[in-house]
Amino acid sequence: MPPPPLATSFPAVQGVPGAEPLAPFPDPHRHDPRLERFLHDASSQLCRWLGSASASSPLPGLSVLPAVEPEATGLTPDRLLADLQLVMEGAYNPGHPGAIAHLDPPPLAASVAADLICAGLNNNLLAEELSPSLSRLERSLCGWLAERLGLPAAAGGVAASGGSLSNLMALVTARQHRGLVERRDAVVVASAEAHVSLAKALVVMGLPHSALVSVPTDPGGCLDAGALELVLADLERLGRPVIAVVATAGTTVRGAVDPLIPMASLCRRHGHWLHVDGAIGAVFALAPDHAARVEGLGLADSLTVNPQKLLGITKTSSLLLLARPGLLLDTFRTGLPYMEASWGGGHGGEAGLQGTRPAEILKLWLGLRQLGEAGITALIDGAIQRRLLLEHLLSPLADLELVQGALHLLAFRPAGLSPEASESWSQDTRNALLARQLMLSRPVYRGHHHLKAVLGNPHTRAAELEAVAEVVSGCLPIR
Ligand SMILES: *Cc1c(COP(=O)(O)O)cnc(C)c1O
């Protein structure tokens, strides 16, 4: 019998007659100038998009989309780039100076390059044999960052695709470590203003909604430590086991930071796990003049950090850091029977929920190297300065109630309106702002719609903030 045949080439793609088409897979034998040209053209297209961010609105109108299904034969590079362009035209525009609605800053240049390289390497952070250098980079960078944020010397962690996942993995680890896996009556204790990802985590963990015990906040939006003490005493009396106490370092509406040090000492006294959700606030500890805004981060048993939110590391970039990182392996290890054993302290895919993972660590590492300590500090300084300026511009407006915390977020609404009136005020004012290419968000907080500004966009200047104040002033209800 003849050996079965192997196809030696790909089916023909649509191409310019006479010209050799772009190979679908990069040639492993020689440098391919057509591939280089294609990536170069794609970069040029991206650079044109980035460089014209301020020419349109932060939020473009509905755009035309290319066909979603593949054609009978593959497309030429020109058509691929044209398709990309159509999608780019409808994209949210985080580089616009008026983009101050959400925790989504423009991307750091080094992060963009690292993302491209990450795609080209196509390594897998599941196991060391699939990502030898990148696995080591992830472990070292997590260790360095943990120590830099004040965790003990042996601390470390793992990268996760977003803060929701980091929070989930923290709670699962805490539950496992505390021997509460079988307990249906176990609870998680957090402030009433903690992030919605905690409720999602409980759904995944098979716990009822009532397993999230809310502690009231003070007028500043921070968990009330006195109330926490009472809640913990109650739970103890009732015999309800506590999976973890969660402190939020930067709430999503106003950037309030819970009292980390008193919470940590309460946790020590009661023997509870302290998880700090620092998705927004943890990075402030990197700037010497601002570290006091999140003092006590290092007392956490586990800490969520989202460099995607203020530092401009491209999405997604989140880390879960633990004082005792070995607990991640204790919780998630399965033995990974189809991989060579780890030679460096455990596979990344054994230290968390995700299996196959991209090398998200690359863009964090290169982004931080690009910024340097001075750049990191400047980014954080700038965010705080913009919040203080906007606060200064808005506070003289009569009857405008501002809510803020220690970080770079500021929300506001006119005092004395009904919830319905607050809602329509927020809608009208947001539209008036959008007409000036200024985008704020419209969260509901304490029963009322607010307008919220997140001041992490490094392109936002005083002129934009003055324009916000002018529009808001013109939209205040007349009394
Ligand atoms: C954004 C955020 C999260 C969730 O992070 P994702 O990356 O969106 O999953 C968790 N906690 C807080 C306080 C946040 O602001």
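The values are calculated or read from the model by the stated rules, or taken from the named source; none is laboratory data. Quick caveat: nothing in here was measured; it's all calculated off a predicted structure. All Cβ positions, glycine included, derive from the backbone under ideal geometry; neighbour counts span all protein chains shown. Quick note on the areas: whole protein, heavy atoms, side chains included, nothing else; ligands and nucleic acids left out. Shrake-Rupley method; radii C 1.70, N 1.55, O 1.52, S 1.80 Å.
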Across the range 351-378, the tally of residues that are polar (S, T, N, Q) and under 20 Å from A287 (Cα atoms) stands at 2
The range 121-239: helices (runs of 4 or more DSSP H) wholly inside it with 1 or more residues that are more than 16 Å from the ligand (Cβ to nearest atom) are 132-148, 163-177, 225-238
Close pairs from the range 254-283: first among the basic types (K, R), partner open to solvent by less than 10 Å² (accessible area, probe 1.4 Å), Cβ under 8 Å, at least 6 apart = R254/G221; R254/L409; R254/L410; R254/A411
Those residues of the range 93-106 which are within 19 Å of S317 (Cα to Cα) and within 15 Å of the ligand (Cβ to nearest atom), in sequence order | P94, H102, L103, D104, P105
So, of the residues in the range 281-307 that are away from the ligand (no atom under 16 Å from the Cβ) and among the hydrophobic types (A, V, I, L, M, F, W, C), which turns out to be most open to solvent (accessible area, probe 1.4 Å)?
-> A292
For the range 74-96, indicate whether the set of residues that are outside any helix (DSSP H, G or I) and among the β-branched types (V, I, T) is non-empty.
-> yes
Within the range 212-250, tally of residues that are open to solvent by less than 30 Å² (accessible area, probe 1.4 Å) and at positive phi | 2
Members of the range 315-344 found to be assigned to a loop (DSSP other than H, G, I, E, B) and of a type in the set (G, A, S), listed by number = S317, A323, G335, A341, S342, G344
Could you list, in sequence order, all residues of the range 202-211 that are open to solvent by less than 50 Å² (accessible area, probe 1.4 Å) and either in contact with an Asp or Glu (Cβ under 6 Å, 6 or more places away or on another chain) or under 22 Å from V444 (Cβ atoms) (or both)?
-> L202
Within the range 248-280, tally of residues that are closer than 18 Å to A146 by Cα, within 16 Å of the ligand (Cβ to nearest atom) and assigned to a helix (DSSP H, G or I) = 1
Among the residues of the range 308-366, write down those that are away from the ligand (no atom under 16 Å from the Cβ), surrounded by 16 or more Cβ atoms within 10 Å (Cβ to Cβ) and of a type in the set (G, A, S).
-> A323, S342, G346, G348, G349, A351, A359
State all residues of the range 281-310 that are part of a loop (DSSP other than H, G, I, E, B) and either touching a helix residue (DSSP H, G or I) at 6+ places or on another chain (Cβ under 6 Å) or among the aromatic types (F, W, Y) (or both); if no residue qualifies, say none.
-> G281, A287, H290, G296, N306
Taking A154 as meeting all but one of (1) within 28 Å of F284 (Cβ to Cβ); (2) touching a Leu at 6+ places or on another chain (Cβ under 9 Å), write down the number of the exception.
-> (2)
